[in-house]
1. Here are Ser186, Ser237, Ser244: which of them is among the hydroxyl-bearing types (Ser, Thr, Tyr), under 28 Å from Glu85 (Cβ atoms) and touching a helix residue (DSSP H, G or I) at 6+ places or on another chain (Cβ under 6 Å)?
2. Keeping to segment 247-264, report how many residues are hydrophobic (A, V, I, L, M, F, W, C), out of contact with any helix residue (DSSP H, G or I) (no Cβ under 7 Å at 6 or more places or on another chain) and open to solvent by less than 50 Å² (accessible area, probe 1.4 Å).
3. Out of curiosity, is Ile298 in contact with a Phe, Trp or Tyr (Cβ under 8 Å, 6 or more places away or on another chain), among the β-branched types (Val, Ile, Thr) and open to solvent by 10 Å² or more (accessible area, probe 1.4 Å)?
4. Select from segment 79-112 the residues that are under 27 Å from Gly64 (Cα atoms) and open to solvent by 60 Å² or more (accessible area, probe 1.4 Å) and write down the one among them that is modelled with the lowest pLDDT.
5. Can you tell me which residue among Ser10, Ser110 is among the small types (Gly, Ala, Ser) and touching a helix residue (DSSP H, G or I) at 6+ places or on another chain (Cβ under 8 Å)?
6. With segment 195-269 as the region, which strands (runs of 3 or more DSSP E) entirely inside it contain at least 2 residues that are farther than 13 Å from Ile283 by Cβ and of a type outside the set (Lys, Arg)?
Amino acid sequence: MLDAICELTSEQGETTRVTYQVFTFARMPEEDIDRLRQRLFCPACGGRAYFRKASKDGKAACFGSRYHRFDCIEFKPSAQKSREEQDAIEVHQQLVDADALMIDFSLKPSKGHSIKAKSKDSVAHTQHKAVNTADYSSNSVSHLATSGGVQEAGADYRTLQPANGDIQKTQAKRVPSQGLEKLLHSLLRGSDLASSDLWVYTDSERKYRWRAKNLFVNFADADPSDHKPHMYWGTISHTDPTMSWLNPADSKDIGIPIDGIKQPLLAQFEIEDKRGLEGAGLILFGKCFWNKEKTRKIIQLWNNDLQRIFISKLED
Ligand SMILES: [Zn+2]
């Protein structure tokens, strides 16, 4: 259980209920934890809950309850929920342990999401090379805003040069890598990744790095005026009738065009129909810009590179 409800009583006797994430809770001072321990409840069924701190041999801190109602989803979480929570815990541990993280765009999804081998997918390979020649920076102004397409991003993006020697220090250490699937599950489960200062590299040569909080952007916060690429994430609400656009649940005025990559994309994630996309988690590297009429924000997948998008389907 990653969340628990804590009932707090004020001096005036008023009760307020606060939802704690286990990552936040575990970081509080010991005396606060002990003060709140016995006020914890299951967020789904209201059963009394407990907190267990991380074990010395590496078991993560967790909430639990022996008082779940028999039909409580937290009592018998689905395999999908358990796996996503496990992913969130793994990424959280990387946040705690490492100074930096590398996104491995080539990492294959876990067994739970069986995905067809795509060695024949030459598109992804060539595009990957193209992407490596482009820089993404946080201080350059690109010509993308006027041309309106991510594909035209060229060499006018530069990595921020570190003001001090900390990049060398970081590089001297081994940088753990993580794939899009677990990063997405971690973000969906409300991890600290979205607000973390951790350095994240988006290429294996470690030329391009970002603070996690600047890189990961929920669809609801997409800003077409910042002219920078980001890892946009959230959930899919639905597609248009022709399955040419993905519409995020997080924001009504965003569309993600997939017309040019529809067939390989749907094949990659074994999606057969519109329903297969409804409620799915989505993360993609791309840029956000206005449509011509400035009525709708468009998020374009970077170079239409299929390695830079991940869809986490609902299992049912
Ligand atoms: Zn419960």
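1. The unique qualifying residue is Ser186.
2. Qualifying residue count for the region: 1.
3. Yes, satisfied.
4. Lys111
5. Only one candidate qualifies: Ser110.
6. Answer list for segment 195-269: 199-201, 230-239, 245-248, 254-257.
Every residue, every condition in (1) more than 15 Å from the chain's Cα centre (by Cα); (2) modelled with pLDDT of 95 or more, yes or no:
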residue	(1), (2)
Ala172	yes, no
Ser177	no, no
Leu183	no, yes
Arg189	no, no
Ala194	no, no
Ser204	yes, no
Tyr208	yes, no
Leu215	no, yes
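The values are calculated or read from the model by the stated rules, or taken from the named source; none is laboratory data. Small disclaimer: the values here were computed from a predicted structure and weren't measured. Counting neighbours? That spans all protein chains shown, and the Cβs are built from the backbone with ideal geometry, glycine included. Keep in mind that these areas ignore ligands, DNA and RNA; they rest on the heavy atoms of the full protein, side chains included. Shrake-Rupley method; radii C 1.70, N 1.55, O 1.52, S 1.80 Å.
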